[in-house]
Amino acid sequence: MRGVVSLAIVLALPAEMPNRDIMQIATFVVILVTVLGQGTTIGWVIRMTGGERGPSRGQRHHLSVSQARALIARSQEHAMRQLAFAPDGQIVHSRLLEQYAYRAELAERFIPTVDCYNP
């Protein structure tokens, strides 16, 4: 998306506009520099500013696809549990809550020891 609007504007300028070609070249160069410059240096900037959070470098815990799906399913069930009850404590959406709990249980039950999606 970066530069799309400015490129569209400069390309929409009338052909008889003075210095139109210089504006087009300048716009293209600015877009190219910002995309390449910022895109290639963002990792370095994050490391230099201490933007990496969590476990120390080299000791990261990566989830498999199945583990991530199970975690998402459990989180969805937890969110649904918050919404399933009326303010007076009576359950309103019992079937929906049941479905989310079942989905989370299945996702956790079928986490393989070796993930076929993430070798």
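The values are calculated or read from the model by the stated rules, or taken from the named source; none is laboratory data. Keep in mind the model is a prediction, meaning the values are calculated, not measured. Every residue, glycine as well, gets a Cβ built from its backbone with ideal geometry; the counts of neighbours run over all protein chains shown.
Table for the structure above
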| item | result |
| --- | --- |
| Filtered residue count, the range 59-111, keeping only those that are part of a loop (DSSP other than H, G, I, E, B) and small (Gly, Ala, Ser) | 4 |
| Near pairs, Cβ below 8 angstrom, 6+ apart or cross-chain, from the range 25-50 (exposed (fewer than 11 other Cβ atoms within 10 Å of the Cβ)) to any residue that is at pLDDT below 90 | Val45/Gly51 |
